[in-house]
Amino acid sequence: MRLMIAGGGGFRVPLVYRALCAGPYAGLVRELVLYDVDPGRLAAIEAVLGSFGALPPPGVAPPTVRATTSLAEALTGTDVVFAAIRPGGTAGRTADERVALDLGLLGQETTGAGGISYALRSIPRMLDLAAQMRRHCPDAWLLNFTNPAGMVTEALVPVLGRKVVGICDSAGGLVYRAAHAAGVVLPEGRLDGVGYYGLNHLGWLYRLESGGRDMLPGLLADADALAGFEEGRLFPQPFVAGLGCLPNEYLYYYYETEHALAGIRSSPTTRGESIDRQQTELYPLLAAAGQQAYPLWDAARRSREEGYLAEARLAGERRDEADLAGGGYERVALAVMRALSGGGPAELILNTPNTASDGANTAAGAPAIPGLSADAVVEVPCRVTLDGVVPLPQERPASAQLALMQRVKDVERLVVQATTGPADGTRRRGAALAAFARHPLVDSDVLAAELLAGYEAAFPELLQLWRNDSDSNGDGT
């Protein structure tokens, strides 16, 4: 197969290449095409891949690698596209965080105000990519990593239909870590007895069966077992026991908002500022490092992993070694790719419309998550085969969880309206303003207006979204 990565100069691209050279996905891809608008970043990542020392199994050739800044060239003949773009770069992520923090609100790249700002920039670029896919590789699948992954995927479904799926490893990681803590062995490629419902970065593990018995209540009652993995340490044991389910790690920002905000503010730099500094210094070094490029990159990757969700950990507390080893989202994506190409069915937690399609762009059957609309993109266990991705039915969420999902889904749809709705500047900007105000981590018309003004100042290109049709001709005045 021919795989194209949009955002091919991205920091995590070597993880994909590493997975394609060894292990169960070796031999899956014959050609890996890296596309990026920044030739300098491409050169750096090419150097890392060129210095990767591990050899594939005997008889299996590593994928050939080609880099290009031509999107048409990259897409033509492609079977699958992985998309992981970041409009505005890591400096944009810093602004996403700082505008919110300066107003006393949570600054995080996918959750709350920062996530809305990021989506307002990423959705238009991803829609451009989808349009070019329709032209140059209409039968290709798009596996979307671009954040906020669920929101971006929802905007892409009207263009690509069932040929797009959102990828995130946080939900699957939660399931496997909880299963290990509870002594549950999950069959390879299966999610038998697993109950999980939510949106991207907003979900709950509510069932974990072994031999027909739900092992989750026992895990939630065991403080020592919960302390043995990251999500179990994020929330007080009495809280999760009362909740009756185990939240995704990103729900820390909802359930422990003040602690999260205090943790971020106590750090001399935000997560975005740290990554921006690291990558600004690292990329020129990688391009000139020769055979040391891969070890240099891997050391930087490990340092970056150590800082993940640092605001939720006690002083001096380190992440588990297994979490620092790297590899997660690329394994999910390659498992999807292999199943879609006929390599056998797989069950994975993915972002996809809530109700399976009958192939004619109409809903068929009951929603996977009762209480959410059939066309809403949700994050649930799915079965992936040569025929596509089908969400598996879940229980109706408890009222508090469902209410939170419904509210955040309202926000996501307002953001999509702001980026894809009729080219009426007032209506589009109004939808963006309403999205900020409606989000539970903002919940204020006054703060919403200040947020939007702040992001418009940081990202002048947002003003182009609010232009009327009549403004797009002539001199634009």
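If you place +1 on the Cβ of every Lys and Arg, -1 on the Cβ of every Asp and Glu, and leave all else neutral, what size is the dipole of the chain about its Cα centre, to the nearest 20 Debye?
Here the chain has a charge dipole of around 680 debye.
Per 0.36 nm of contour for each residue apart, how much would the distance between Val390 and Asp38 grow if the chain were fully extended, relative to their Cα-Cα spacing? List each step's numbers first, then the result.
Numbers: separation 352, 0.36 × 352 = 126.72 nm, distance 3.61 nm.
Result: 123.1 nm gained on full extension.
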Are there trypsin sites (Lys or Arg not before Pro) in segment 15-65 that DSSP marks as loop and that have at most 11 other Cβ atoms within 10 Å, and which are they? none
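When Lys and Arg each count +1 and Asp and Glu each count -1, what net charge do the other residues less than 9 Å away from Gly89, Cβ to Cβ, add up to?
On the way: positive: Arg86, Arg93; negative: Asp38, Asp276.
In short, 0.
Calculate, in whole percent, how much of the Cα-Cα pair population of segment 60-170 lies beyond 17 Å. Numbers along the way, then the final one.
Values: 3517 of 6105 pairs.
Within segment 60-170, distances greater than 17 Å cover 58 percent of Cα pairs.
Just to be sure I follow: if Rg is taken over the C-alpha atoms of the chain and Rh is the Kirkwood radius over the same atoms, what is Rg/Rh? Let's see the in-between values first.
Values: Rg = 21.6 Å, Rh = 23.0 Å.
Rg divided by Rh gives 0.94.
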In nm, to one decimal, how far is the modelled label at Ala131 from the one at Gln291, with both set 7 Å along Cα→Cβ? 4.8
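Could you tell me what fraction of 2.2 N^0.38 Å the Cα radius of gyration of segment 408-472 comes to, as a two-decimal ratio?
Relative to the 2.2 N^0.38 Å estimate, segment 408-472 comes out at 1.07.
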MRE, 222 nm, helices only [DSSP H, n ≥ 4, -39500 (n - 2.57), over the chain, to nearest 500]: -14000 deg cm²/dmol
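Expressed in nm to one decimal, what extension gain is obtained for the pair Thr64 and Asp443 from 0.36 nm per residue of sequence separation less their Cα-Cα distance? Provide the component values of the computation, followed by the final result.
Details: separation 379, 0.36 × 379 = 136.44 nm, distance 4.98 nm.
Contour length minus the Cα-Cα distance gives 131.5 nm.
No lab work stands behind these numbers, since they all come straight from the coordinates. For clarity, every value in this text was computed on a predicted model and none was experimentally measured. For neighbour counting, all protein chains shown are included, and Cβ atoms are generated from backbone atoms with ideal geometry for every residue, glycine included.
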